[in-house]
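Engineer: Okay, here's the structure, questions in a sec.
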Amino acid sequence: MGCGFSFMLIAKVAIGFSRSATLIFSLTCLLACEVEKSSDYRLHFSPSSPVTKTDYIFGIHPLHNPQRLFEIFNPYMQYLSDNIEGVSFSLEASRNYEAFDEKLYSGKLDFALPNPFQTFNAMSKGYRVFAKMGDDENFKGIILTRRDGGIEKVTDLKGKAVSYPAPTALAATMMPQYYLQTHGVDVTEDLDNRYVGSQESSIMNVYLKQTSAASTWPLPWIALSKERPELADELEVKWSTPPLINNGLVAKHDIPNSIVEQVANLTAELHLHPEGVLMLEAMALSQFELATNEDYLVVDQFLIKFNEQVRPIN
């Protein structure tokens with residue numbers, strides 16, 4: 001009942017009542033109006049301001065093209081954001097290896113998942129290793145050829161074009177080039193080396209007969225051939241390299257230890273619950289593992305051999 005209506009009612013009933021009764025009734029109505037006003041005020045009380053979170057930029061090296069990276073790794077970002085109080089994580093994709101290298105080595109990324117070569121370099125640029133991808137046996141280079149391409153032995157590639165994602169792609173470029181160099185081909189003299197920017201582009205170059213062979217590694221090949229079965233019909237894995245340690249996870253030195261430890265533990269436990277298993281399946285990975293800088297010293301040993309026997313490392 002509104003206050004205006006209440007006072008009109010007072011005026012009408014006052015004729016038949018004594019002055020004191022009218023006064024009591026008026027006070028009762030006024031009190032009711034104040035209660036109504038008070039109730040309205042409480043209903044419109046503004047909620048407290050939301051707590052501000054610290055947002056960390058998490059960069060993923062070009063395992064896939066940016067769109068595929070977001071599809072695969074955004075659930076992982078959300079998982080970390082939901083389970084670590086006071087912080088959030090935003091995925092940063094890069095159009096190519098050069099762009100990712102610039103962000104990583106200049107310290108623009110708070111967390112990152114670089115390849116082992118980039119991981120090793122990041123250790124001297126303000127980052128520390130806290131975990132790594134498991135399945136080291138899958139971190140190897142593969143060389144694809146067309147089934148009808150007439151390439152049967154490594155030396156058949158002499159004088160031919162070979163596509164690669166980038167000069168600094170460890171499993172997808174450097175390890176295959178070392179394999180070719182140690183199996184009878186002078187990489188810098190005998191081949192037309194084409195660095196085409198991404199794993200998918202490298203694969204598509206040989207499929208479209210732009211090159212005679214394509215260098216990549218198992219994860220993008222498995223993912224792309226599932227999406228496009230005609231690739232598996234036309235292409236085959238002709239050679240594989242020995243494996244090396246898998247991709248690392250790094251954090252900047254100035255990020256609090258408590259945050260890094262939570263990220264490390266949540267990541268290493270992904271394979272222990274259904275939500276995490278789904279994320280890992282999208283990554284074509286069985287699990288992550290805790291790791292330290294010392295685990296990546298084996299990369300330095302490979303780089304020394306590569307630099308001496310194949311080409312200078314850019």
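Engineer: Within the range 240-259, can one find any residue that is at pLDDT 95 or above, under 30 Å from GLY107 (Cα atoms), within 20 Å of the chain's Cα centre (by Cα) and assigned to a helix (DSSP H, G or I)?
Structural biologist: So far as the range 240-259 goes, yes, one or more of its residues are at pLDDT 95 or above, under 30 Å from GLY107 (Cα atoms), within 20 Å of the chain's Cα centre (by Cα) and assigned to a helix (DSSP H, G or I).
Engineer: In the range 190-227, which residues are open to solvent by 40 Å² or more (accessible area, probe 1.4 Å), more than 14 Å from ALA169 (Cα to Cα) and outside any helix (DSSP H, G or I)?
Structural biologist: If the condition is that a residue be open to solvent by 40 Å² or more (accessible area, probe 1.4 Å), more than 14 Å from ALA169 (Cα to Cα) and outside any helix (DSSP H, G or I), then ASP192, LEU208, LYS209, GLN210 are the ones that fit.
Engineer: If you take just the strands (runs of 3 or more DSSP E) that sit entirely in the range 71-189, which of them hold at least 3 residues that are in contact with a strand residue (DSSP E or B) (Cβ under 9 Å, 6 or more places away or on another chain) and closer than 26 Å to GLY276 by Cβ?
Structural biologist: 87-92, 111-113, 127-133
Engineer: Would you point out the residue of the range 260-281, among those that are β-branched (Val, Ile, Thr) and out of contact with any Phe, Trp or Tyr (no Cβ under 6 Å at 6 or more places or on another chain), that is surrounded by the most Cβ atoms within 10 Å (Cβ to Cβ)?
Structural biologist: Of everything passing the filter in the range 260-281, VAL263 is surrounded by the most Cβ atoms within 10 Å (Cβ to Cβ).
Engineer: Given the options LYS158, LYS140, LYS132, name the one that is of a type in the set (D, E, K, R), in contact with a helix residue (DSSP H, G or I) (Cβ under 8 Å, 6 or more places away or on another chain), within 30 Å of THR182 (Cα to Cα) and open to solvent by less than 30 Å² (accessible area, probe 1.4 Å).
Structural biologist: Testing whether each residue is of a type in the set (D, E, K, R), in contact with a helix residue (DSSP H, G or I) (Cβ under 8 Å, 6 or more places away or on another chain), within 30 Å of THR182 (Cα to Cα) and open to solvent by less than 30 Å² (accessible area, probe 1.4 Å) leaves just LYS132.
Engineer: Right, another one. For residues that are surrounded by fewer than 19 Cβ atoms within 10 Å (Cβ to Cβ) and among the small types (Gly, Ala, Ser), scanning just the range 62-101, find the one that is farthest from GLY197 (Cα to Cα).
Structural biologist: Here the answer is GLY86.
The values are calculated or read from the model by the stated rules, or taken from the named source; none is laboratory data. The structure presented is a predicted model; accordingly, all values stated were derived computationally and were not measured. All Cβ positions, even for glycine, are placed from backbone atoms using ideal geometry, and neighbour counts span all protein chains on display. Side chains are part of the model used for accessible areas, which takes the heavy atoms of the whole protein and leaves out ligands, DNA and RNA. Shrake-Rupley method; radii C 1.70, N 1.55, O 1.52, S 1.80 Å.
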